[in-house]
Amino acid sequence: MTTAPRLDQVFDLDALLSDEEREWQQRARAFAQERILPIIEEDFEQRHFRSELVRELGEQGFLGMHLQGYGCAGAGAVSYGLVCLELEAADSGWRTFVSVQGSLAMSAIHKYGSEEQKQRWLPGMAKGDLIGCFALTEPQGGSDPAAMTTTARRDGDEWVLDGAKRWIGLASLADVAVVWARVDDPSGGFGQGGSAVRGFLVPTSAAGFTATPIDGKLSMRASVQCDIDLDAVRLPADAILPGASGLSGPFGCLNEARYGIVWGAMGAARSCFEAALARSTEREVFGKPIGANQLTQAKLADMMLELEKGILLALHLGRLKERGVLTPAQVSAGKLNSVREALEIAHQARTILGGDGITSAFPVMRHAANLESVRTYEGTDEIHQLILGRALTGLAAF
Ligand code: TGC
């Protein structure tokens, strides 16, 4: 019997990484294996978010790690992607935490905040002492933020926010919410006239702010997503993010989070593939290991190809991002491909595991269930197909 090459030797990804990138990956892999994997099945079963791990993520340097200054690590895009991959190999919920905190909430403050806002929030968020959330999606749906109904109006020296948000990760645990709201007050100090979507930093202790965890989730059970109610929340004049006006503000942050998913979903896929591969040599049916069957080998080969191609695409996009030339349409291509293929790999892995594949003895159903959320948030498959369709034809179909 010939010795099988290690999975990571087939396309030799390691050879394409720098020492620093490999170090970040190893650090994240060790964290995932030592701190998340031993407890994740129980947390998923019990619907428990283990908040004590947040500061540990900060100590590892993972929170806002792609940002410069303010206590952030200033790492490259590929290093950040590799950390996302390793965390999501354990559970999508923990990669989601790092995405919401770093790519969404911290990125919004870093990109669009005043110096005072950055100093106030970012160092504590990088350490994991403070948690942020990003409130864009509303109850009527997440695909069309332009239909936003949450409003912010000026009342003397204050802003008053009214509205509702849904599916907001971490909101009930957060210290600060980045809330996107429609400002329909030409005299509101912008000199622009008309209405514009603007971002506000809302301390979650503010009167009128309520976050309620959403029950009944069969996916992402080890993380928290919430409804938010904003009932005449009063904020000081300087709560507005000065650097963002219009939907390009929140979309600029979504680009960051979607990029993390391009890598992260491949981590979930890798775990499913590894479980199926190991099982294929251990379990015997019809007097031989199931991996000795041609149909099983065909499945394994196709899973490996999509996994490795997905990782290479993520790496390519990461290199473009580091050069500052990554476009939103390219991010859409990556998000669409990674999550779609990760789900297919999870489903194929389940078939190789047979009936045992539906139990928590293997991580596959948990990953498959989580990936249904990942497929939906940060732009559904259909939204990313339409973004690509527009890029190809020049015609918007939404
Ligand atoms: P349109 O409304 O015409 O454009 C508005 C402005 O935004 C600009 N823009 C972008 N800028 C940067 N990056 C991008 N990816 C951008 N996409 C659009 C655009 O150029 C325009 O700028 P300006 O200066 O001309 O005003 O929007 P559109 O027609 O370009 O886009 C339509 C569509 C459908 C593609 C867009 O609405 C879309 O991407 N929809 C999906 C939104 C989405 O992903 N929602 C899910 C959010 S996930 C979430 O909220 C949960 S957070 C995670 C958690 O808490 O767990």
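The values are calculated or read from the model by the stated rules, or taken from the named source; none is laboratory data. What you are looking at is a predicted structure, and each value in this text was computed from that prediction instead of being measured. Cβ atoms come from the backbone with ideal geometry, glycine included; neighbour counts cover every protein chain shown. The protein model used for the area step is the full one, side chains on, heavy atoms only, and it has no ligands, DNA or RNA in it. Shrake-Rupley method; radii C 1.70, N 1.55, O 1.52, S 1.80 Å.
If you check His48 against the conditions, is it open to solvent by 20 Å² or more (accessible area, probe 1.4 Å) and within 27 Å of Ala346 (Cβ to Cβ)? Yes: the conditions hold for His48. Determine whether Thr149 is among the polar types (S, T, N, Q), open to solvent by 20 Å² or more (accessible area, probe 1.4 Å) and more than 29 Å from Ala90 (Cα to Cα). When the stated conditions are applied, Thr149 passes them.
Number of residues in segment 129-158 that are outside any loop (DSSP other than H, G, I, E, B) and over 30 Å from Glu52 (Cα atoms): the value is 10.
Of all residues in segment 239-248, one or more are loosely packed, with under 15 Cβ neighbours inside 10 Å and not in a loop (DSSP other than H, G, I, E, B). For segment 299-348, the set of residues classified as of a type outside the set (Gly, Ala, Ser), over 20 Å from Ser79 (Cα atoms) and free of Cβ contacts under 8 Å to residues at least 12 places away in the same chain consists of Leu305 only. The single residue among Leu161, Leu170, Leu136 that is surrounded by 21 or more Cβ atoms within 10 Å (Cβ to Cβ) and away from the ligand (no atom under 16 Å from the Cβ) turns out to be Leu161. Among the residues of segment 385-398, those that are more than 8 Å from the ligand (Cβ to nearest atom) and surrounded by 14 or more Cβ atoms within 10 Å (Cβ to Cβ) comprise Gln385, Leu388, Gly389, Ala391. Within segment 249-290, if we keep just the residues that are surrounded by 23 or more Cβ atoms within 10 Å (Cβ to Cβ), farther than 18 Å from Gly64 by Cα and not aliphatic (A, V, I, L, M), the residue that is nearest to the chain's Cα centre (by Cα) turns out to be Gly267. Out of Asp175, Asp144, Asp155, one residue alone is within 12 Å of the ligand (Cβ to nearest atom) and either open to solvent by 30 Å² or more (accessible area, probe 1.4 Å) or in contact with an Asp or Glu (Cβ under 6 Å, 6 or more places away or on another chain) (or both). It is Asp144.
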